[in-house]
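One structure is given below, encoded as structure tokens.
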Amino acid sequence: MLAWMVEDKGIEPHVPLWDKTQRSDNTLSSSEFQWDEQADEYRCPQGHALRSQRRAFKNPRTHITKADTIIYRASQSDCATCPMKERCCPNTPIRKIARSIHEAARDVARRIRTTVQYQRSRYQRKKVEMLFAHLKRILKLDRLRLRGLSGASDEFTLAAAVQNLRRLAKLIPKGLPPPCISAPA
């Protein structure tokens, strides 16, 4: 969906990404590997190449998995002699990195995430999401009672009116302040 927004529709994606590239076990994350677009390969901090294929096939292959990723692998001989093996891939003979086929769109979303406009839209989105959560939990609008599009429209209109009335009631002062009683002179 992110690629559709960025590439097909030209929409700036102000949505959070699920980025699972960072590791918690003090080993190298995939963000510490350099991506080379021209060579279609990653470079590890030691300069070794991680490629999706090591040889030419008679029938060209896409190497795209069912999860829409391409697996980039280092050569076993490079990893065996690497001084950073314990920080890179301590439990496996080689290092693998899965790269999404939509990684360009993900990079656009990562770049937008650092802007002030993204922070503002995130704050506004939170306010709207809270209103919908209130509709679901407090006003029990998790299930519609009326049938059809007109029924759903009526229920949502009434629920929005109730929410607006509650907000208006909070803005009205609670009444006149108590009269000031002065002490006899």
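The values are calculated or read from the model by the stated rules, or taken from the named source; none is laboratory data. What you see is a predicted model, and the numbers here were worked out from it, not measured in a lab. With ideal geometry, Cβ positions are generated from the backbone for all residues, glycine too; neighbour counts draw on all protein chains shown. In case anyone asks, the SASA skips ligands and DNA or RNA and just uses the protein heavy atoms, side chains included. Shrake-Rupley method; radii C 1.70, N 1.55, O 1.52, S 1.80 Å.
Quick check on my filter: what residues within region 2-46 are at positive phi and at pLDDT below 85? Full working, then the answer.
So in region 2-46, the residues at positive phi come out as 10, 26, 40.
ASN26, the sole residue that qualifies.
Please list, ordered by first then second residue, the pairs with beta carbon atoms under 6 Å, 6 or more apart or interchain, first in region 113-138 and modelled with pLDDT of 90 or more, second open to solvent by less than 100 Å² (accessible area, probe 1.4 Å) and assigned to a helix (DSSP H, G or I).
Partner pairs satisfying both residue conditions: TYR118/ILE112.
Would region 99-117 turn up any residue that is outside any helix (DSSP H, G or I), touching a Ser or Thr at 6+ places or on another chain (Cβ under 8 Å) and open to solvent by less than 50 Å² (accessible area, probe 1.4 Å)?
Yes: region 99-117 contains one or more residues that are outside any helix (DSSP H, G or I), touching a Ser or Thr at 6+ places or on another chain (Cβ under 8 Å) and open to solvent by less than 50 Å² (accessible area, probe 1.4 Å).
Here are the criteria: (1) modelled with pLDDT under 85; (2) exposed (fewer than 10 other Cβ atoms within 10 Å of the Cβ). Tell me which single one LEU168 does not satisfy.
Exception for LEU168: condition (1).
Among (1) within 26 Å of the chain's Cα centre (by Cα); (2) over 20 Å from PRO90 (Cβ atoms), there is one condition ARG51 misses while meeting the rest; what is its number?
(1)
In region 1-48, how many residues are closer than 20 Å to ILE64 by Cβ, hydrophobic (A, V, I, L, M, F, W, C) and not in a loop (DSSP other than H, G, I, E, B)?
Final tally of qualifying residues: 5.
Looking at ARG87, is it at pLDDT 90 or above and charged (D, E, K, R)?
Numbers: at pLDDT 90 or above: no; charged (D, E, K, R): yes.
In short, no.
Give the number of residues within region 62-95 that are of a type outside the set (Asp, Glu) and assigned to a loop (DSSP other than H, G, I, E, B). Write out each step before concluding.
Restricting attention to region 62-95, the residues satisfying the condition of being of a type outside the set (Asp, Glu) are 62-67, 69-77, 79-85, 87-95.
Remaining after also requiring assigned to a loop (DSSP other than H, G, I, E, B): 62-63, 65-67, 75, 81-84, 89-95.
Selection size over region 62-95: 17.
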